[in-house]
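The values are calculated or read from the model by the stated rules, or taken from the named source; none is laboratory data. Small disclaimer: the values here were computed from a predicted structure and weren't measured. Every residue, glycine as well, gets a Cβ built from its backbone with ideal geometry; the counts of neighbours run over all protein chains shown. Heavy atoms of the whole protein, side chains included, go into the accessibility calculation; ligands, DNA and RNA do not. Shrake-Rupley method; radii C 1.70, N 1.55, O 1.52, S 1.80 Å.
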Amino acid sequence: MRDALVQFIADSFIASAERDGFNGVPASLLLKAVQDEQALRDALAEMVEGGQITAVFSSQADNMHIKRFPDRPIAEQLEMLKTEPFAGTCLYPTAPVVESRTDVSQWQNRPFTQDLLLVAPQLGYRAFELGVLERYVSDPRYVIHFADYMGRMSIGDEAHADKHHPDRDKIYLKSFGLGFDPDRRPFVVAFLRYLSTLTPEHQQYWNSYAADGDIRMSEPYFRSSVEGNFWSNRSLRQAIVEEMRLIHELSTAIWGRSLFRKPPKGDVPIGLTSFLRPTRENFDRFVMALDKMLSDSIDGGFFQGKIAVELETTRPDGKIEVSRKGTLTLLEEWLRTEVSWSDPEAFREVVIKPLRDVRQLRQKPAHGFTKDLYSAEFFKMRRELLWAVFNSLSNIRAAFSRHPDAIGIHIPAWLDGGEIDIL
C-alpha cells in the first residue's frame with residue numbers, strides 16, 4: 001500500500017509540474033483508496049519519516065496546494081499528521097522520489113523550473129550578480145520599474161505585439177529584490193516561482209549570473225513579499241527625497257514660496273537604484289541622476305528680491321557683461337545671508353560642498369571620454385556621496401525648522417533617529 005501511495009503522490013505532482021502547477025495532493029483524495037483513516041495516517045507518517053513525502057497543512061499555510069516555504073521539521077510533521085484533518089493536509093513527494101520517476105534532465109534548459117520540479121519551495125530564492133539586469137536596462141524594448149529595495153520587469157507592449165520580436169524574449173518577471181552578502185555588497189534576488197515563468201533562454205541567461213555564498217534578502221523586501229506586511233521606505237535615497245519634501249513645506253510656510261520644487265515621486269530613476277554594477281559608467285549615471293534631482297529641483301525664482309540673481313563683470317573693453325548666477329551659487333549666497341551659521345567654514349564644508357561635488361562629478365564625464373572601470377570602490381563612493389548630500393539637506397531643514405513660522409510642521413523621527421538604510 002505504501003508504495004502505491006508514494007507512486008500516486010509523485011505521479012500527481014509530476015503531472016501538475018508539467019502544467020507549471022507544482023501542486024500537492026490533498027490527503028483526503030487518498031481516503032478513496034485507503035478507507036481506514038487511522039491506517040492512512042500511519043502510512044503517511046511512515047512515508048514522511050522515510051523521506052519519501054512531506055506534508056503541508058492549511059493551519060500553517062495560506063495555500064497548502066503549493067509549497068511556498070521549506071519543509072517543517074519531520075518531528076513536527078509527524079505530530080500534526082496525528083490530528084490535522086485530511087481536507088487541510090497536502091502531500092508532496094521528495095526530490096529523490098521525483099528523480100526516480102521522471103527524467104529530470106529534460107528540464108535542464110529551464111533550471112529554475114527544474115528546481116520546482118524537485119520540490120524546492122516556491123518562495124525559495126536565488127541570488128544573482130547585478131550585471132544580470134543590465135541587458136534589460138540597456139534594451140528599450142523592456143520596461144523596468146525600480147523601487148529602492150525591489151523592482152519588476154516586462155517586455156513593453158509594443159515589442160510584445162510585434163510579430164517579428166522573438167517569443168523567447170517576451171518575458172515578464174513579477175518581482176525581484178535586493179540582497180546583501182556579509183560585506184554589504186548588493187545582489188539581485190528573485191523567487192523561484194517568478195524565475196520559473198521565464199522562457200528557457202532567459203532562465204539560462206539568469207542562471208549564468210547566479211551568485212554563491214551567504215546572500216540574504218533585504219529585510220524590507222522580505223517583509224513585503226514574504227510576510228505581506230507594510231514596510232516604511234527608509235533608504236538613504238528616500239531620506240534625501242523626504243528632506244527635500246520638508247524643505248519644500250518649510251520654505252513655503254516661512255517665505256511664501258518653496259526653495260525646492262515638489263520632490264520626485266514614483267519609480268526610482270535607473271541611475272539612482274542600487275541594482276547596477278559598480279562601474280565608472282554606472283557611477284557617472286548615478287551622479288547625473290542625483291544632480292538632476294537636486295539642482296533641477298531648486299527654484300531660481302525663489303531668490304528674486306532676496307539677493308542679486310545676476311552677476312555683472314567688466315570686460316577688457318570696458319563693457320559690462322551680465323550673466324545669471326547658477327542655482328548652487330544662489331543657494332549658497334542666500335543661505336549665508338538668511339541663516340546665522342555658527343561656523344561659516346563648517347557651513348561651506350557640510351552644506352554646500354556636497355552639492356557642488358555632485359555638480360563637479362557630473363561635469364567630468366560631460367566634457368570628455370573616460371575609460372569604463374569595474375571596482376567595488378564605486379559602491380563606497382556612491383554611499384558616501386548620498387550620505388553627504390543627505391547631511392547637507394538635513395542641516396538646511398534643521399535650520400529652517402527653528403524659524404517661528406515653522407511651528408506645527410512635523411519632522412519624522414526616523415530622519416534624525418539613525419534608522420536610515422544605507423544601501
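Does residue 93 fit the bill of being surrounded by fewer than 12 Cβ atoms within 10 Å (Cβ to Cβ) and either among the small types (Gly, Ala, Ser) or closer than 22 Å to residue 192 by Cα (or both)? Answer is no for this residue. The conditions of being open to solvent by 20 Å² or more (accessible area, probe 1.4 Å) and over 15 Å from the mean Cα position of the chain (by Cα) are not met by residue 198. Selection of the range 362-385 for residues being assigned to a helix (DSSP H, G or I), within 16 Å of residue 276 (Cβ to Cβ) and modelled with pLDDT of 90 or more yields 377, 378, 379, 380, 381, 382, 383, 385. Considering the conditions (1) open to solvent by less than 60 Å² (accessible area, probe 1.4 Å); (2) among the aromatic types (Phe, Trp, Tyr); (3) in contact (Cβ under 8 Å) with a residue 60 or more places away in the chain, residue 107 is excluded by exactly one of them, (3). Once the range 48-66 is narrowed to residues that are at pLDDT 95 or above and of a type in the set (A, V, I, L, M), the residue that is farthest from residue 1 (Cα to Cα) is 56.
Please note which strands (runs of 3 or more DSSP E) are completely contained in the range 125-164 and include at least 1 residues that are farther than 19 Å from residue 180 by Cβ. Steps first, answer last, please.
Working: elements: 125-128, 142-146, 150-155.
Hits in the range 125-164: 142-146, 150-155.
The residues in the range 2-32 that are open to solvent by 30 Å² or more (accessible area, probe 1.4 Å) and on the phi > 0 side of the Ramachandran plot can be counted, and the count is 1.
Where helices (runs of 4 or more DSSP H) sit wholly within the range 174-281, those with at least 1 residues that are under 26 Å from residue 107 (Cβ atoms) and in contact (Cβ under 8 Å) with a residue 40 or more places away in the chain occupy 192-195, 200-207. Scanning the range 169-205 for residues that are under 25 Å from residue 70 (Cβ atoms) and β-branched (Val, Ile, Thr) gives 188, 189, 197. One residue stands out among those in the range 288-339 that are acidic (Asp, Glu) and over 43 Å from the mean Cα position of the chain (by Cα): the one that is most open to solvent (accessible area, probe 1.4 Å), which is 312.
Close contacts from the range 303-318, counting a first residue that is without any contact (Cβ under 8 Å) to a residue 24 or more places away in the chain and a second that is among the basic types (Lys, Arg), with Cβ to Cβ under 7 Å and a gap of 6+ residues or different chains, come to 309/324; 309/325; 310/324; 310/325; 311/325.
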